[in-house]
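I have placed the structure first, in the form of structure tokens, so that the comments after it can refer back to it.
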Amino acid sequence: FEALRAAGVDELEAVEALRHELPARLFSLALDGLGPRARILDLGCGEGSLVNFGRDYASLPNPIVAVDQREPRVRFPAHVEFRRADLATFEWRGEPFELVLGLHMWEMVADTARLLAALRAALLPGGRALLAVSDARFAHSLLKRFTKRDEDYDERAHHTLESFDALLRAAGFERTAWATWPSYHSIHHGGTSGPDGRS
């Protein structure tokens, strides 16, 4: 961000650039050294959570198990196995994974500690998890509440970075890094235009 600002890019344009670059870089780091045969679990996949990284399932050769409470409206590639499961009771009893993705679904599961323990059990020793959780103190949580109707408001748990970190440690995870993901509300809700027309 500072490098973009020093190059004369205004703040909104710099945030917009980072909104695309940072997630792609985080995903590349998570994949680093895993190889094309590494198994990936995408928990709470929706229509395929790789869209958060500017990718799709077809861009990876890895075997992927995609799990969600609802059937996807899109057809996944052949190397992606979809499993319908309630995240509140999810348990994995198959071959373990080298990488687990759990993006933007933690607030929808009341028993976060139980789900984190289930994810930890699904990982191979030395495996990695790339998890995205919203900090309930940040504006996006308020905006989400105000932009959804009562019947569509699906939050079951609220976390801060500190409380989620404590849950990670209790489940046996060793956190290697935090990253703040800019413009989450814009990603989640399709963009918000300012008075000058910029997103």
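Rolling a 1.4 Å probe across all protein chains gives GLU91 an accessible area of roughly 90 Å². For segment 53-97 versus segment 119-135, the inter-centroid distance based on Cα atoms is 15 Å.
Surface composition of segment 2-41: carbon plus sulfur atoms hold 56% of the accessible area, using a 1.4 angstrom probe and ignoring ligands, DNA and RNA. Take each peptide in 43-53, 4-14, 105-115, count the other Cβ atoms within 10 Å of every residue, and average; sorted highest first, the result is 43-53, 105-115, 4-14.
The values are calculated or read from the model by the stated rules, or taken from the named source; none is laboratory data. Note that the structure is a prediction, hence the values are computed from the model and not measured. Please note: Cβ atoms are built from the backbone with ideal geometry, for glycine as well, and neighbour counts cover all protein chains shown. Side chains are part of the model used for accessible areas, which takes the heavy atoms of the whole protein and leaves out ligands, DNA and RNA. Shrake-Rupley method; radii C 1.70, N 1.55, O 1.52, S 1.80 Å.
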